[in-house]
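Reading through the structure tokens given below for one structure.
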Amino acid sequence: MLGVLAIAVVLLVLIALLGTTADLRHQVAELRRTVEDQGQALDSAVEEQRSMAGAIADRVSALESAAAETGQDTATLAAAIAPSVFTVSAGDATGSAWVVTSSGSTSRLITNYHVVSDVWRRGDRAVQLHEGQRVWDAEVVDVSEGSDLAVIEVDASFPALEQAAGLPAVGDPVIAAGAPLGLDDSVSTGIVSAIRTEGVDDYIQFSAPVSPGSSGGPLVDANGGVLGVTVMKAVVEGAEGLGFAIPVSLVCDVVDC
């Protein structure tokens, strides 16, 4: 009788073990499938990241190529325009000017009328151009008081700056060159902030810092083309980077370049 019970117990234990083993096998199979699914998902995510990284690299390369084709770096551009930008001394006033035309041994420069207004009103025409330690005697030959522009002529040959065609787009990079506070060969960088119309006049609003003495200096684009003539900035508490330039397209329409 005891032998029969022992055999029965053994059989029950074997059945239980077989059931446990089957469950374990099922669990292992499920775990393996889960790992395989997660591995495939990870592979897909890695491949997607690689694809995105490749697209970003292609975009960066395209932007770098476009920048190389359409513009110069700031240092190269500043060096290129420097020989055409001067400090103007007109009595007690100081401003900036840039070469608009050059023919033979004579150059013509553009500045603001308010830079030379005291000289002009008293019937004098003599001003001086400065660049570092060099000084040239020059004279004011034409003005437009209403447009705040003036032309200076000098018996010297300087390289003329190219003029940009049309108004710039908002967001375009710009360089303001001139002599803020009489500091020769100064440049500052920024962007075109807006195109403003005041009455019948258009102005280019830009963010490059300017100061007294910058008036008359050129605002140039990424290719060195003159976009406008720096004329003023907003001077109120809390205002920063609010400079304004007269579009270059107006210059030779109102004064004899």
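The values are calculated or read from the model by the stated rules, or taken from the named source; none is laboratory data. Computed from a predicted structure; not experimentally measured. Neighbour counts are summed over all protein chains in view; Cβ atoms, including those assigned to glycine, are modelled from backbone coordinates with ideal geometry.
Summary of computed values
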{"item": "Among residues of region 105-128, those that are surrounded by fewer than 20 Cβ atoms within 10 Å (Cβ to Cβ) and hydroxyl-bearing (Ser, Thr, Tyr), counted", "result": "3"}
{"item": "Hits in region 174-205 (condition: touching a strand residue (DSSP E or B) at 6+ places or on another chain (Cβ under 8 Å) and small (Gly, Ala, Ser))", "result": "176, 177, 178, 179, 182, 186, 188, 190, 193, 194"}
{"item": "Residue 165 vs. criteria loosely packed, with under 15 Cβ neighbours inside 10 Å, within 32 Å of the chain's Cα centre (by Cα) and under 22 Å from residue 225 (Cα atoms)", "result": "yes"}
{"item": "Residue match in region 103-113 (condition: assigned to a strand (DSSP E or B), in contact (Cβ under 8 Å) with a residue 60 or more places away in the chain and not polar (S, T, N, Q))", "result": "yes"}
{"item": "Residue identified as hydroxyl-bearing (Ser, Thr, Tyr), surrounded by 15 or more Cβ atoms within 10 Å (Cβ to Cβ), closer than 22 Å to residue 116 by Cα and outside the structural domain of residue 107 (by TED's automatic domain parsing) among 230, 189", "result": "230"}
{"item": "Count of residues meeting criterion [surrounded by fewer than 24 Cβ atoms within 10 Å (Cβ to Cβ) and closer than 17 Å to residue 170 by Cα] in region 210-223", "result": "3"}
{"item": "Those residues of region 165-222 which are under 24 Å from residue 86 (Cβ atoms) and hydroxyl-bearing (Ser, Thr, Tyr), in sequence order", "result": "186, 188, 189, 203, 211, 214, 215"}
{"item": "Within region 233-257, tally of residues that are out of contact with any Phe, Trp or Tyr (no Cβ under 6 Å at 6 or more places or on another chain) and crowded, with 18+ Cβ neighbours inside 10 Å", "result": "7"}
{"item": "Among the candidates 135, 170, residue that is surrounded by fewer than 16 Cβ atoms within 10 Å (Cβ to Cβ) and assigned by TED's automatic domain parsing to the domain that holds residue 198", "result": "170"}
{"item": "Odd one out for residue 117 among (1) touching an Asp or Glu at 6+ places or on another chain (Cβ under 8 Å); (2) assigned to a strand (DSSP E or B); (3) farther than 24 Å from residue 188 by Cα", "result": "(2)"}
{"item": "Region 210-234: number of residues that are of a type in the set (A, V, I, L, M, F, W, C) and over 19 Å from the mean Cα position of the chain (by Cα)", "result": "3"}
{"item": "Enumeration of residues in region 139-151 that are out of contact with any Phe, Trp or Tyr (no Cβ under 9 Å at 6 or more places or on another chain) and buried (at least 18 other Cβ atoms within 10 Å of the Cβ)", "result": "151"}
{"item": "Check on residue 104, of a type outside the set (Lys, Arg) and assigned by TED's automatic domain parsing to the domain that holds residue 246", "result": "no"}
